Amino acid sequence: MTRPVRVRFAPSPTGGLHIGGVRTALFNYLYAKKLGGKFILRIEDTDQTRFVKGAEEYIIETLKWCGIEPDEGVGYGGEYGPYRQSERKPMYRQYAEQLVEAGYAYYAFDTPEEIEAMRERLKAGGNPAPQYNWAVREYMKNSLTLPSDEVKARLAAGEPHVVRIKMPRKDEVKFHDLIRGWVSFQTAQVDDKVLLKADGMPTYHLAVVVDDYLMEITHAFRGEEWLPSAPVHILLYKYLGWEEKMPEFAHLPLILKPDGNGKLSKRDGDRLGFPVFSLDWHTADGTLQTGFRERGFLPQALINFLVLLGWNPGVAHEIFSLDEMIQLFDIARVHQAGAKFDFEKCKWFNHQYVQMQSASALADATVPVLAAKGVQVERAYLEHICSLVKERCTFMSDVWDNAFFFFEAPKEYDFDAVRPKWNDTKKTFFTSFVERAKTISTWDNASIEACFKGLAEEMGIKVGEVQMPMRIMLCGGKFGPPVFEIAATIGQKESIERIEKANSLF
RNA sequence: GCCGCGUUGGUCAAUCGGCUAAGACGCCUCCCUUUCACGGAGGAAUGACGGGUUCGACUCCCGUACGUGGUACCA
């Protein structure tokens, strides 16, 4: 029964998408593309209380930015819609009722207060995490304990109720996970999960199963946090008579905090100084959670970094194009253990990708920065500078910091790097150099260097002795491309002015 | 607490019983450059612990420890 591959990424629109979600989407995408299947975006907005406006658009924009766009789903259309669970609300109830009729589920009328009371009682009795399970359901208000007339009456009266799955008292659910192999659970350990909420919305458990079935999903890849509830889903497929169409499962390892203790969470970014969100996200209270995009990351770099977090391609190199990832991707090579997020390595990937960018692309990214500084330069000049400083840029936005002295004379000097060894001879050297520099007819790298070194030799000064001061004069500090390159770039007049000014200051 | 999943250098990780245990990031040294960076050459640093199984265990099994996830009318 080989069906066409259909995988889905099914996030909840509860806020910005963090990199764990991006990676889940990525693995789904790669798998689909590898097998010539479809990648579907489904929005799981069954919890009305947690719904956040704008989150859905954010998710779509993230996928677009990352270059892993869905073939089908919210924002993309398709034959299996609607793709928003809130819009599918009327579809779920019938399945819940089918389960009740078959004896696999039941109606429960307990109020939140009653359930809370039950929990308190059991906690007092020494149970740290009471569940509504096979033992407890015996004395709660549900269609298993209430007379059938009363159940009918309550239902007819429109009394609030939920539908819960009736987990077998003693059974074992075993299933094969593409990443973890055979996994089994004792049904007695899992509670009677709510399937249909009092507001008529399904919970995740009912919704995934129904939607995956209806949308003919063949492979369900999701985070490891879902592993414990997998038996509920497996049972649901069985109870609904859909076993044949059950997707293959793979539970992805979690991305953990770099400093230990738990999975990476939304707040770690601010705490540790790196982004965890794909794009900037403004929370309801107005705080900004920085995104990788705004921080200066290239999407290919982020994707490349993420794909290697929990997956190993089995080849020697680490830089992959999306196409190459698709070629190499193999769900069986996904790790079982969680991986810590390493921002240093993430930056390294970005640096690698920045190096692949053209000077023109770097220039494009720098234009707004210059505009903000009020600096105006010719395009060709900008591009030349970009090519000169590219190798020291980790982010596309790093050009200014590495090249500001090409746009304006240094405002301050690293005197400590010059003064200790400064003397009249050097001062004289620069005075003479300025005179000679004025006579250079072709102001280029080689001519300047020849002039500079020639003078040094004549005066019996080691070139190195005056090269550093020259650098400080031109850019203010111990950084930047080769000195003569700088001089050639900023021009004869500007170079001479800077040298004269600094020479009087040292 | 209970249940699940995991455990190779600081981090990401290769290895599918033969290991003198790859590679990458980071770190250190040297070369290049009398700047920074890039590049090049080296270096330090790893199998949680205890039992089996086996001629042989990092690899298989069992315990323990530790980590991590779940234990909601959240996903």
With the 8 Å Cα cutoff and a minimum separation of six or more residues, segment A:297-411 has a relative contact order in percent of 27
Length-normalised contact order of chain A, Cα under 8 Å, at least 6 apart, in percent, tallies to 12
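Round to the nearest 0.05 the FRET efficiency obtained for residue A:117 and residue A:79 when R0 = 41 Å and r is the Cβ-Cβ distance. Mind showing how you got there, number by number?
On the way: r = 47 Å, r/R0 = 1.16.
Using R0 = 41 Å, I get an efficiency of 0.30.
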Between the residues A:464, A:49, A:213, the Cα farthest towards the positive end of the dipole of chain A, that dipole coming from +1 and -1 charges on the beta-carbon of Lys, Arg, Asp and Glu, is from A:464
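So what is the calculated 222 nm ellipticity per residue for chain A, using -39500 (n - 2.57) for each DSSP H run with n of 4 or more, over all residues, to the nearest 500 deg cm²/dmol? Intermediate results must be reported in sequence, preceding the final value.
On the way: 20 runs with 223 residues, N = 506.
Rounded to the nearest 500, the figure is -13500 deg cm²/dmol.
Over 25 Å between Cα atoms: which of A:411/A:493; A:38/A:347; A:263/A:347; A:347/A:411; A:438/A:462 fall into that group? List each step's numbers first, then the result.
On the way: A:411/A:493 18 Å; A:38/A:347 32 Å; A:263/A:347 20 Å; A:347/A:411 30 Å; A:438/A:462 22 Å.
In this structure, A:38/A:347; A:347/A:411 lie more than 25 Å apart at Cα.
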Rounded to one decimal in nm, the spacing of the 7 Å Cα→Cβ label points at residue A:375 and residue A:468 is 2.6
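Can you give the local net charge around residue A:58? Use residues other than it whose beta-carbon is closer than 12 angstrom to its beta-carbon, Lys and Arg +1, Asp and Glu -1.
On the way: positive: A:53, A:64, A:293; negative: A:56, A:57, A:61, A:280.
Here the charged neighbours net out to -1.
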Loop-resident trypsin sites (Lys or Arg not before Pro) in segment A:36-122 with no more than 13 other Cβ atoms inside 10 Å, DSSP not H/G/I/E/B, are A:50, A:53
Quick calc, chain A, dipole around Cα centre from Cβ unit charges on Lys, Arg (+) and Asp, Glu (-), nearest 20 debye, gives 600
Stretched fully, the stretch from residue A:285 through residue A:272 gains (0.36 nm per residue minus C-alpha distance, one decimal, in nm) 2.6 nm
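Of A:89/A:238; A:89/A:123; A:89/A:166; A:257/A:373; A:193/A:345; A:123/A:170, which sit over 31 Å apart, Cα to Cα?
Details: A:89/A:238 22 Å; A:89/A:123 35 Å; A:89/A:166 22 Å; A:257/A:373 37 Å; A:193/A:345 41 Å; A:123/A:170 23 Å.
From the list (A:89/A:238; A:89/A:123; A:89/A:166; A:257/A:373; A:193/A:345; A:123/A:170), the Cα-Cα distance tops 31 Å for A:89/A:123; A:257/A:373; A:193/A:345.
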In debye to the nearest 20, the charge dipole size for segment A:18-75, taken about the Cα centre with +1 at each Lys and Arg Cβ and -1 at each Asp and Glu Cβ, equals 280
Candidate cut points under trypsin sites (Lys or Arg not before Pro) in segment A:343-434, DSSP loop plus at most 11 other Cβ atoms within 10 Å of their own Cβ, are A:411
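Mind checking the per residue accessible area of chain A for me, 1.4 Å probe, whole number of Å²?
Values: 23180 Å² over 506 residues.
Per residue, chain A has 46 Å² of solvent-accessible surface.
Shape verdict for segment A:97-207, please, from the Cα gyration tensor: rounded (a/c under 1.5), prolate (a/b greater than b/c) or oblate. All intermediate terms of the calculation are to be shown ahead of the outcome.
Values: a/c = 1.98, a/b = 1.35, b/c = 1.47.
Because a/c hits 1.5 or more and a/b fails to exceed b/c, segment A:97-207 counts as oblate.
In segment A:1-78, which chymotrypsin sites (Phe, Trp or Tyr not before Pro) fall in coil by DSSP and have 15 or fewer other Cβ atoms within 10 Å? Can you show the working numbers first?
Values: sites: A:9, A:27, A:29, A:31, A:39, A:51, A:58, A:65, A:76; in loops: A:51, A:76.
Qualifying residues, ordered by number: A:51.
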Rounded to the nearest 10 Å², the 1.4 Å probe accessible area of residue A:432 is 40
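Keeping the other protein chains in place, figure out the carbon and sulfur percent of the accessible area of chain A, with a 1.4 Å probe. Walk me through the numbers on the way to the answer.
Working: 11730 of 23180 Å².
About 51 percent, which is the carbon plus sulfur part of the accessible surface.
Full-extension gain between residue A:431 and residue A:155, please, as 0.36 nm times their residue separation minus the C-alpha to C-alpha distance.
Working: separation 276, 0.36 × 276 = 99.36 nm, distance 9.84 nm.
Answer, rounded to one decimal: 89.5 nm.
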Given unit charges at Cβ for Lys, Arg (+) and Asp, Glu (-), the dipole magnitude of segment A:46-142 about its Cα centre in debye, nearest 20, is 360
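The values are calculated or read from the model by the stated rules, or taken from the named source; none is laboratory data. As the structure is a prediction and not an experimental result, all values here were calculated from the model. When we count neighbours, we look across all protein chains shown, and the Cβ atoms used for this are built from the backbone with ideal geometry, even at glycine. Keep in mind that these areas ignore ligands, DNA and RNA; they rest on the heavy atoms of the full protein, side chains included. Shrake-Rupley method; radii C 1.70, N 1.55, O 1.52, S 1.80 Å.
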